[in-house]
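Where a number appears in this text, it was derived from the coordinates with a stated rule and is not lab data. None of these values were measured; they are calculated from a predicted model. Reconstructed Cβ throughout: ideal geometry from the backbone, glycine too, with neighbour counts over all protein chains shown.
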Amino acid sequence: MTPMFVSEDSIEVSLIHDGSGGDITRNPALKPYIRDGYPLAIAEYCRKGTVMFSLGSGRPSVMVVAGVHGNEIPPQLAAMYLIESLAASDPSGTVHLIPIAAPWATMRNIRWCRGRDLNRSAGTPGSVTNAIFRRAIGLGVDAVADFHSTAPGSRPGVEGVFCSEEPEPESVEIARYITSRTSSRFLCYGRASSSYIGALEDECNLAGIPSVTCEVVSENGTVRKGSHERSLLQMRLFLEYMGILVEVPECL
């Protein structure tokens, strides 16, 4: 794919899955934020499918994912802002960023994408999250972080970071780093996939890639005040832990 960011030669754009495209400007919660610049360019790419934006070079190499559930808006908005800020900086390493994992679902402001809960199908060939998982394996990334939002009263219903002790204990260290610098709750399982099967985080951990899932609180299909800033803080702390960014302000 030819990059639209003509002023930023450092951004590489690649298509991960071509069966998931959609017009995300039709999402009423995202539409007010997609006017020009990077958000508009990202929206144009999303018409083609699931798109990954790669910035920087060398090690460490990480993957940041948002929008596995189309109606969880704050992390998708945060990820678009993160692309813009990383493009204007000089990250120490490589960040592969998928801001809108399922544009088809985001366009409709719904959780599932074409009949699938993508956070239960990362091990299912043909699914969007399986394509993301396989790309992470192919790239040989050092860690993956998957960003979500949770509605009050749902599971988990609180801001938090999921991790697992086995088989990749660094998952725990990443989660502890983020939660120690925010009000996010530490949510740890003994082993990946011990609670349910098919989450992107769990599939990555089982394959030897330390991974976490980060949640902020916002009602489904909306952007609660401050929620996308909280998600962006989690993203930046993940990159700080990995040595890609420094001096992220703490928010206790």
### Alpha carbon centroid spacing (whole Å) that separates the stretch 180-252 from the stretch 69-144
13 Å
### Message
Using Cβ contacts closer than 10 Å as the measure, can you line up Y196, Y241 from fewest to most?
### Response
Y196, Y241
### Query
Which ³J(HN,Hα) values in Hz, rounded to whole numbers, follow from the phi angles of the stretch 17-34 under the Karplus curve 6.51 cos²θ - 1.76 cosθ + 1.60, where θ = phi - 60° and Gly and Pro get x?
8, 9, x, 10, x, x, 8, 5, 5, 7, 6, x, 7, 8, 3, x, 8, 9
### Query
Modelled label-to-label distance, K225 and C188, 7 Å Cα→beta-carbon offset: nm?
3.5 nm
### Query
Just one of (i) 68, 60, 33; (ii) 57, 46, 35; (iii) 43, 38, 37 is Cα extents along the principal axes in Å calculated from these coordinates, so which is it?
(iii)
### Query
When a footprinting reagent is the concern and you count Cβ atoms within 10 Å, what order do D36, D23, D202 take, fewest first?
D36, D23, D202
### Task
For a footprinting-style exposure proxy, rank I137, I83, I34 by other Cβ within 10 Å, fewest first.
I137, I34, I83
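What value, in deg cm²/dmol to 500, does the helix sum -39500 (n - 2.57) over DSSP H runs of n ≥ 4 give at 222 nm once divided by the residues of the chain?
Mean residue ellipticity at 222 nm (helix-derived): -9000 deg cm²/dmol.
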